[in-house]
1. Asp497's amide H: which non-local residues (gap 5+, or another chain) put their own amide H closer than 5 Å, with H modeled 1.01 Å from N in plane and none for Pro or chain starts?
2. Within segment 225-240, find all residues whose amide N lies under 12 Å from a label point positioned 7 Å from the Cα of Ser308 along Cα-to-beta-carbon.
3. Based only on Cα atoms, what mean projected area does the convex hull of segment 87-170 have, in nm²?
4. For the cross-link pairs Lys509/Lys550; Lys67/Lys189; Lys271/Lys388; Lys509/Lys558; Lys275/Lys328; Lys311/Lys550, which exceed 30 Å when the distance is taken from alpha carbon to alpha carbon?
5. Run the numbers for Arg515 and Glu20: contour at 0.36 nm per residue of separation, minus the present Cα-Cα distance, in nm.
6. Give the shape of segment 473-563 as rounded, prolate or oblate, defined through the alpha-carbon gyration tensor: a ≥ b ≥ c are the square roots of its eigenvalues, a/c under 1.5 means rounded, and otherwise the shape is prolate if a/b is larger than b/c and oblate if not.
7. Would you tell me the accessible area of Cys675, worked out with a 1.4 angstrom probe on the heavy atoms of the protein chains, in Å² to the nearest 10?
8. For segment 30-137, what is Rg from Cα atoms divided by 2.2 N^0.38 Å, rounded to two decimals?
Amino acid sequence: MCIPLLLQDKVNVVEDYVGEYPELQSKLLQILDSWCEPGVNIRDITRPYQGLSRYKPEKFNHRTLSKLVFRLLDRFHVDPALCPNVVNQRHLRTLNYLFYKRFVEKTMTEENWADHVQSTAGDSRCLQGHLVQLLLRHCPGRAARWARHWGLPMDVLPPGLAEELPELHTQQRVEEATKADNYEDSKKKDCYQLPISRENIHFLQTWEETLQCWEKVLQPGQVVGVDMEWKPSFGMVGKPRVALLQMAVKDEVFLLDLPRLLEQAELEGEKEKEKLPQFIQMLYSDAAITKLGYGMSGDLSSLAATCSALKDIEKQLHGVVDLLTVDKQLQKGCGEWRKDGRKVDGLSPEHSHEERGVRQREKGLSLLVHHVLGKPLDKTEQLSNWEKRPLREEQILYAASDAYCLLEIYERLCRDPESFGLSSDLMESLVGKRSIKPRAKKQLNKQEALSPSGQQCQGSQMETSRAPAPVSPREFSVVCDNMLQGLGRYLRCLGVDVRMLDNEDDHRKAAEIARQEGRVILTSGLPYQTLQSQVGEGRCFSVNCSEKAKEQALQVLKHFNVQVSLSDIFSRCQVCNCDKYLKVPRERMRQLVEGSRQASQEPTAVCPGSQLCDVTVPARDTAQPGCTAHREQPEELERRGADAVLEGGTVLQVDAIPPGVLDRAELTDFYCCSCCGKVFWEGSHFGRVVAQFQDVLLASGDAQSVYELS
């Protein structure tokens, strides 16, 4: 039944046919494995079926069959020992791969290589002999040592080699020691170096030790670099199980010995068993904590396979930033990005791989580190046996570097995204095309906020204590960090007094402005840790970096209990933040426009940044009575002539009014910013903003007006 279907490339039908019958599954796998036995010619098997329609014998070869068998073993949870031929072929390919990594590519240490060779070859004389034959071509001394180690007959070696073994062994040890010293010097010069001291790397094997990690990682506004390590499976059946979980925060790295911690929890009872999964779930589901990773889907899949209590963790993600998304954006096109942000067609001579003694071009996280920080990661410990204890010092430093470099990449990209070809609003670049989707329901930040009395409210305490006293947008002033310009524009639309850092400004300038002008700092990611210590309690707020600008604005309004009314919308100039408008009737504006066109061509004063406002927005008359805006009278324009220059030299930007706007009968008035001269009029943008923030306005008691507008 199955063979004809397989020869017609209907593997899915075969899988369904045996899907509920374990004995048929085993029989099918044994048949497929028998076709992979050395010396078997698959054409002899397929020849009797040549009359089949859609006959595709070319689909049948040893490599294709091997992949199919391993997939079915995994799907049906069958013991791989049932398929010795396929397993043996996979081990042979693994030994070839290990040989290449160690002696051709030279990106694997002797100790790691020996570990994997020993576990792969095991007690199989066939596999042991295969490795010895590989070694004879490149390093006969090492071949003789492994032959003696496994007790292989000396006739597998060339004549006389066994007698020369002691001398070869001594010579080789000296050569390897010299190479190791040279490699360490080269690594320090050419690879990323961990910027923290060794005592700040903590290897945690007990729950008591893990509590110090819990306390530091689960802080609102914290940024955590997360990575995981497991023993390489080299294509064998089953998902890898996480052997080490790394969590990096500013100046510290925690390495959690996951197998040991889970084993202890099993012995201590049901209640203790839940603690570690609960800690990991709290971390990944908390929107107030930014989690950084690289290719997080694979990590989380292995984490779920390691601990059944975490099987649904991918459905609970919140506040996650996968830097693999950034890497893909950086690599768009055929060029690459150097440390200085310039795009080049290939690596520059000063960063060439040949000079570093590495023949293979970097890839993955190492390549991203090279692009952003200037030096690649040293990946020689990547294929370590991470289940073996104790971990070597090199493994500990490698694991810590893999997690900590994520923090440095994130900080660098936040500080200067445009030099790497990313959007100035970095959050849109990072979150816009995430590879992992968060929960649909948004979760608000649980962090420090200013209570009505000025005291600090913390996380869960805020839920039970009374909320901060309501404030109006006119009473609420903020300074937005330079990666949150989108948030700043939304808040300004709603009447909040907003200052925004320029792209080139240092984050610390936000603290300066906040202290001088009594503003609240709005920031995100790593800068929060620095800025919160430079201002009073509750005067620095870390917005959720995984949200869009609109959701961030709602988050800020709710956190600080800002009550927005219709009269607040567009009560501030969207260009310069001024709240003083001049109301000009339509006919008077028509005169000013005509006068400006007839006047001599003189440069018009334009407020810096006015090009950012690419839509016209209304400054409604209803918005003015509640404002502290100074209103100049139109008569003052008469006295100054057709140039429309206000007191202080501000020139009204009447030339920016598109043709036809003055002919719209529904427009009776125009509103001019007295600071930068930008001209606004009523349009559809007002209704759109009202609709977007309807929930906030409803809470302010403007329900009827909102419904009428929407």
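1. Correct list: Phe476, Val478.
2. Flagged as within label range: none.
3. That works out to 5.3 nm².
4. Table pairs above 30 Å Cα-Cα are Lys67/Lys189; Lys275/Lys328; Lys311/Lys550.
5. Working it through step by step, the gained length comes to 171.2 nm.
6. Here segment 473-563 falls in the rounded category.
7. Accessible area of Cys675: about 80 Å².
8. Working: Rg = 16.9 Å, N = 108, 2.2 N^0.38 = 13.0 Å.
Normalised Cα radius of gyration, segment 30-137: 1.30.
The values are calculated or read from the model by the stated rules, or taken from the named source; none is laboratory data. Note that this is a predicted model, so its numbers are computed, not measured. FYI the Cβ positions are ideal-geometry reconstructions off the backbone, even for glycines, and counts take in every protein chain you see. Accessible surface is based on the protein model in full, side chains and every heavy atom, while ligands, DNA and RNA are left aside. Shrake-Rupley method; radii C 1.70, N 1.55, O 1.52, S 1.80 Å.
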